[in-house]
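Chemist: One structure follows; several queries about it will come next.
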Amino acid sequence: MAEGYCNKCKLKKEIVDAVEVLMKNGRKAIKGKCSTCGSVIFKITGGKTNQMKVDDPPQKFSDSL
Ligand SMILES: [Zn+2]
């Protein structure tokens with residue numbers, strides 16, 4: 001389950017009904033609801049730095065070479 005910052009609770013909360021959306025600038029985001037208060041949480045997941053961390057497997061790569 002994804003977690004995001006809820007503006008209403010002022011805390012990190014579990015996102016329910018989370019759907020992945022693609023923003024106009026090509027970044028991915030998760031849109032859903034706070035598990036506690038039900039207000040909308042929008043979390044950017046496809047940021048430039050984030051994506052590198054997820055997609056780059058440096059250790060595995062050097063092993064196979
Ligand atoms: Zn909340």
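Only the coordinates and a few stated rules stand behind these numbers; no lab work does. All values derive from a computational prediction rather than experimental measurement. Backbone-built Cβ (ideal geometry, glycine too); neighbour counts: all protein chains shown.
Chemist: Quick one: if you stick a label point 7 Å off each Cα along the C-beta vector at residue 10 and residue 43, how many nm between them?
Modeler: So the two model labels end up 2.1 nm from each other.
Chemist: Determine the gain in length on full extension of the stretch residue 1-residue 29; use 0.36 nm per residue of separation and subtract their C-alpha separation, reporting nm with one decimal.
Modeler: Numbers: separation 28, 0.36 × 28 = 10.08 nm, distance 1.40 nm.
So the extension gain works out to 8.7 nm.
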